[in-house]
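Here's the structure we're looking at; comments come further down.
The values are calculated or read from the model by the stated rules, or taken from the named source; none is laboratory data. As the structure is a computational prediction, the values presented were derived from the model and not from experiment. Using ideal geometry, Cβ is built from the backbone for each residue, glycine included, and neighbour counts are taken over all protein chains shown. Accessible surface is based on the protein model in full, side chains and every heavy atom, while ligands, DNA and RNA are left aside. Shrake-Rupley method; radii C 1.70, N 1.55, O 1.52, S 1.80 Å.
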Amino acid sequence: MSRYAVVTTDSSYTSRLGAAAIGALEGEVHAWSGPSFPEQPQDVLAQLTQPVLLDVVVLGPGVPLDQALKLAVAFEVQRPEVAVLLVAQPTPDVVLAAMRAGIRDVLEPEAETAAITVLLHRAVRNAAIRRRTPDAGGHAGTGGPNGRVIAVVSPKGGVGKTTVASNLAVGLAATAPHSTVLVDLDLQFGDIASALSISPEHSVADAVHGPARRDTMVLKSFLSAHPTGLYALCAPPTPDAAERMTAEDITHLIEQLSGQYRYVIIDTAPGLSGHTLAAMDRASDFVFVCATDVPSVRGMRKELDVLAELGMIPVKRHMVLNAADPRGGVSVDDVRTTLGVHVDVVIPSSRALRLSTNQGIPLTQRQGRDRASKALRTLVARFSAPVAPVRKGGARHRVGA
Ligand SMILES: Nc1ncnc2c1ncn2[C@@H]1O[C@H](COP(=O)(O)OP(=O)(O)O)[C@@H](O)[C@H]1O
Ligand SMILES: [Mg+2]
């Protein structure tokens with residue numbers, strides 16, 4: 001028997017959840033009405049006649065966000081098997097704060113009953129899995145290689161994220177064969193499969209749901225092998241699968257992969273969705289891809305500002321200026337001045353690169369002598385080059401920001 005508790009000031013929301021829970025959860029339901037809210041898990045559990053069976057806590061409308069987050073953190077620490085859901089508008093900062101507090105899902109207040117039922121089902125399933133695997137609430141770094149996680153991001157589409165991610169991944173696989181994995185987190189319209197000419201049997205959706213979630217061997221069997229020694233986890237075949245994936249699913253997936261592989265490269269959708277933020281939150285490196293047109297540069301400026309506001313400072317930052325064309329009227333200096341950050345790699349506009357996308361063979365797969373191939377190798381070397389010994393009197397060369 002599963003049960004849930006609702007903390008809210010809104011009694012009509014309690015009834016909506018009650019309707020949504022039919023068939024998903026059985027047993028006792030307890031609602032709080034405020035104005036004083038429970039602060040600790042035991043305050044919630046004390047209200048239940050069989051507290052040991054609590055599966056889901058819904059922090060509903062009317063609970064101040066800071067109090068909701070505090071209670072979620074207390075659950076994460078003391079009762080990690082209980083799934084906590086937050087009802088709030090899922091703005092990027094709310095999603096990020098929720099994720100950091102260990103909240104499983106953020107539910108829009110106006111979500112329809114059917115959508116709430118789906119989330120409750122999933123929360124119950126997660127709770128059951130967590131009960132079976134005592135360390136399932138653990139975080140990255142609990143053993144394994146604890147690989148470098150490289151998120152390739154930009155505010156806009158069509159600027160070369162997939163091109164950069166696939167070339168970087170193939171380049172890194174040459175230095176770490178069978179220990180490099182490329183994940184397509186452009187969950188709706190990802191095209192890593194096409195960029196690598198592979199026909200995946202499994203996708204990110206299979207990796208985050210079902211047995212792969214708790215068994216790394218199963219997860220590994222879901223990766224598609226590329227002839228270069230790279231593994232890829234491609235986007236789901238249909239766009240709607242993305243809606244069934246939470247930020248927490250992505251966090252868990254990246255933790256699993258970085259525990260097993262030296263390099264985890266993540267291609268993303270344009271902008272800062274909850275999925276992208278989840279990936280960035282676990283990344284050691286951000287590769288920003290910026291095109292040389294005014295809207296791209298302005299978009300990038302805004303993205304850097306938003307990330308700074310969210311406190312998302314990467315260990316290393318790499319700014320790539322892509323498809324640079326001296327005839328476009330925007331110079332590398334203009335970009336540097338507008339962004340206020342160093343431009344680390346400039347990839348020229350290249351017919352060979354465009355052709356390689358259409359052929360599904362990344363340029364780094366061949367040892368090309370053209371300028372785009374060289375620029376891509378420079379990018380790869382930022383991650384693969386051994387750290388140079390510090391010579392007496394010499395300056396230490398720092399890669400990244
Ligand atoms: N430096 C470049 N020169 C020429 N074409 C490029 C360059 N970089 C990317 N492209 C082309 O631009 C298109 C969009 O690139 P893509 O990597 O899919 O962008 P995104 O993933 O940001 O949407 C592709 O057809 C790709 O071949
Ligand atoms: Mg793309």
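Overview of values
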quantity	calculated
Single residue of region 161-196 satisfying the filter (within 16 Å of ligand 2 (Cβ to nearest atom) and in a loop (DSSP other than H, G, I, E, B)) that is farthest from the chain's Cα centre (by Cα)	196
Members of region 333-351 found to be farther than 13 Å from residue 300 by Cβ, touching a residue at least 40 places away in the same chain (Cβ under 8 Å) and open to solvent by 30 Å² or more (accessible area, probe 1.4 Å), listed by number	342, 344
Every residue from region 257-279 that is polar (S, T, N, Q) and within 16 Å of ligand 2 (Cβ to nearest atom)	268, 273, 276
Per-region count, region 276-314, residues away from ligand 1 (no atom under 15 Å from the Cβ), part of a helix (DSSP H, G or I) and under 21 Å from residue 97 (Cα atoms)	12
Residue within region 292-302 that is closer than 27 Å to residue 246 by Cβ and open to solvent by 10 Å² or more (accessible area, probe 1.4 Å) present	yes
Residue satisfying condition, being in the same structural domain as residue 152 (by TED's automatic domain parsing), within 16 Å of ligand 1 (Cβ to nearest atom) and within 20 Å of residue 384 (Cα to Cα), within set 162, 180	162
Condition met for residue 318 (touching a residue at least 12 places away in the same chain (Cβ under 8 Å) and open to solvent by less than 30 Å² (accessible area, probe 1.4 Å))	yes
So residue 67, is it more than 24 Å from the chain's Cα centre (by Cα), more than 24 Å from residue 312 (Cα to Cα) and not assigned by TED's automatic domain parsing to the domain that holds residue 281	no
Subset of region 197-224 (residues that are touching a strand residue (DSSP E or B) at 6+ places or on another chain (Cβ under 9 Å) and not in a helix (DSSP H, G or I))	198, 199, 200, 201, 202, 203, 222, 223, 224
Near pairs, Cβ below 7 angstrom, 6+ apart or cross-chain, from region 35-48 (closer than 12 Å to residue 6 by Cα) to any residue that is of a type in the set (S, T, N, Q)	37/67
Boolean, residue 269 is surrounded by 24 or more Cβ atoms within 10 Å (Cβ to Cβ) and within 16 Å of ligand 1 (Cβ to nearest atom)	no
Extreme residue, farthest from residue 293 (Cα to Cα), among residues of region 303-315 that are open to solvent by 60 Å² or more (accessible area, probe 1.4 Å) and under 18 Å from the mean Cα position of the chain (by Cα)	315
One residue from 335, 330, 343, 306 being in contact with a Pro (Cβ under 9 Å, 6 or more places away or on another chain) and either away from ligand 2 (no atom under 16 Å from the Cβ) or not assigned by TED's automatic domain parsing to the domain that holds residue 156 (or both)	306
Filtered residues of region 212-241 (kept if within 18 Å of residue 151 (Cα to Cα) and either surrounded by fewer than 21 Cβ atoms within 10 Å (Cβ to Cβ) or not hydrophobic (A, V, I, L, M, F, W, C) (or both))	231
Test: residue in region 323-332 that is in a loop (DSSP other than H, G, I, E, B), within 15 Å of ligand 1 (Cβ to nearest atom) and of a type outside the set (Gly, Ala, Ser)	yes
Cross-chain or 6+ apart pairs with Cβ under 7 Å, region 155-177 first and touching a residue at least 24 places away in the same chain (Cβ under 8 Å) and more than 16 Å from residue 324 (Cα to Cα), then within 15 Å of ligand 1 (Cβ to nearest atom) and acidic (Asp, Glu)	155/303; 162/191; 162/267; 165/267
Qualifying residue in region 247-255 (condition: in a loop (DSSP other than H, G, I, E, B), open to solvent by less than 20 Å² (accessible area, probe 1.4 Å) and assigned by TED's automatic domain parsing to the domain that holds residue 185)	no
Residue ID - modelled with the highest pLDDT, chosen from residues in region 44-65 that are closer than 13 Å to residue 87 by Cα and open to solvent by 10 Å² or more (accessible area, probe 1.4 Å)	65
Residue 126, sole failed condition from (1) at pLDDT below 85; (2) within 16 Å of ligand 2 (Cβ to nearest atom)	(2)
